[in-house]
Amino acid sequence: MNIINNIFTRFLNPRVIQYSPPRSGSTLVYNILREIFPQKQIIKTHALERRFERDQIVSTYRNPLDAISSSINRYKLEATDDVIEQQIQEFKENGLYDIFKVIDSPKTLLLKYEDFYDNFDYIYANLESHFNITLNQELKDSISSKLSIPSVKKMTAKMNDFSEFDPENHFHGNHISEFNGQIGRYNQVLNKQQAEHIRTELADYMKHFGY
């Protein structure tokens, strides 16, 4: 009976799946979705399960050079060649290519990190269009303040490192790097050979998204 009830509930009130590769602004968007849709089940994942046909999917993506550099910083690692290779494999194993399963679906909303970085209005406008809703300005202002970089840094300051996190909002210790998520900072973490190696290893992904 519970299975039948769950199926019926998902039919009437489809879940929203926030799927994204790591370090692509997914936690920010996940928490915005939680604020906007308090009555919906919001699922955050780095890999897509098999049964998601009835669900709405909101996916973020980012230049892998910046994403991998951000990942290295979150673990406070040195950017050695071995670490770079490990990070490439971690991204591949954490749903990097799952986006191609749903990219052409009308139920999928894609948000490009480089467009929504430091631009909440871009996120709100796309969510309003995709879900056919109107968000009042008071709600948007509240969310923007609550999830701003300074607010998240204050929220996570008590956490020692990335292994510690809030199970409700999924913000980790060291969640925001010293670069504050800025675009194009990979060249301060990677050398030219390492950047070129990532471009080669992830060439199809980067070409598809214009990186």
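Could you look through segment 47-62, keep only residues that are surrounded by fewer than 18 Cβ atoms within 10 Å (Cβ to Cβ) and of a type outside the set (D, E, K, R), and pick out the one that is nearest to Ile133 (Cα to Cα)?
Just the residues of segment 47-62 that are surrounded by fewer than 18 Cβ atoms within 10 Å (Cβ to Cβ), to begin with: 47-51, 53-54.
Still in the running and of a type outside the set (D, E, K, R): 47-48.
Working: Ala47: 27, Leu48: 25 Å.
My answer is Leu48.
Can you spot a residue in segment 71-89 that is within 17 Å of Asn187 (Cβ to Cβ), open to solvent by less than 50 Å² (accessible area, probe 1.4 Å) and under 15 Å from the mean Cα position of the chain (by Cα)? Within segment 71-89 (the criterion being within 17 Å of Asn187 (Cβ to Cβ), open to solvent by less than 50 Å² (accessible area, probe 1.4 Å) and under 15 Å from the mean Cα position of the chain (by Cα)), the answer is yes, since at least one residue qualifies. Checked against the criteria, Pro38 counts as open to solvent by 60 Å² or more (accessible area, probe 1.4 Å), on the phi < 0 side of the Ramachandran plot, modelled with pLDDT of 90 or more and part of a loop (DSSP other than H, G, I, E, B). A count restricted to segment 109-130 and to residues that are crowded, with 16+ Cβ neighbours inside 10 Å and either free of Cβ contacts under 8 Å to residues at least 24 places away in the same chain or farther than 15 Å from Pro21 by Cα (or both) stands at 8.
Kindly indicate whether Leu65 is within 18 Å of Thr45 (Cα to Cα) and crowded, with 20+ Cβ neighbours inside 10 Å. When the stated conditions are applied, Leu65 does not pass them.
The values are calculated or read from the model by the stated rules, or taken from the named source; none is laboratory data. The shown structure was predicted, so the numbers you read here are calculated from the model rather than taken from an experiment. Because the Cβ atoms are built from the backbone with ideal geometry, glycine has one as well, and the counts that use them run over all protein chains shown. These area figures cover heavy atoms from the full protein model, side chains too; ligands, DNA and RNA do not enter into them. Shrake-Rupley method; radii C 1.70, N 1.55, O 1.52, S 1.80 Å.
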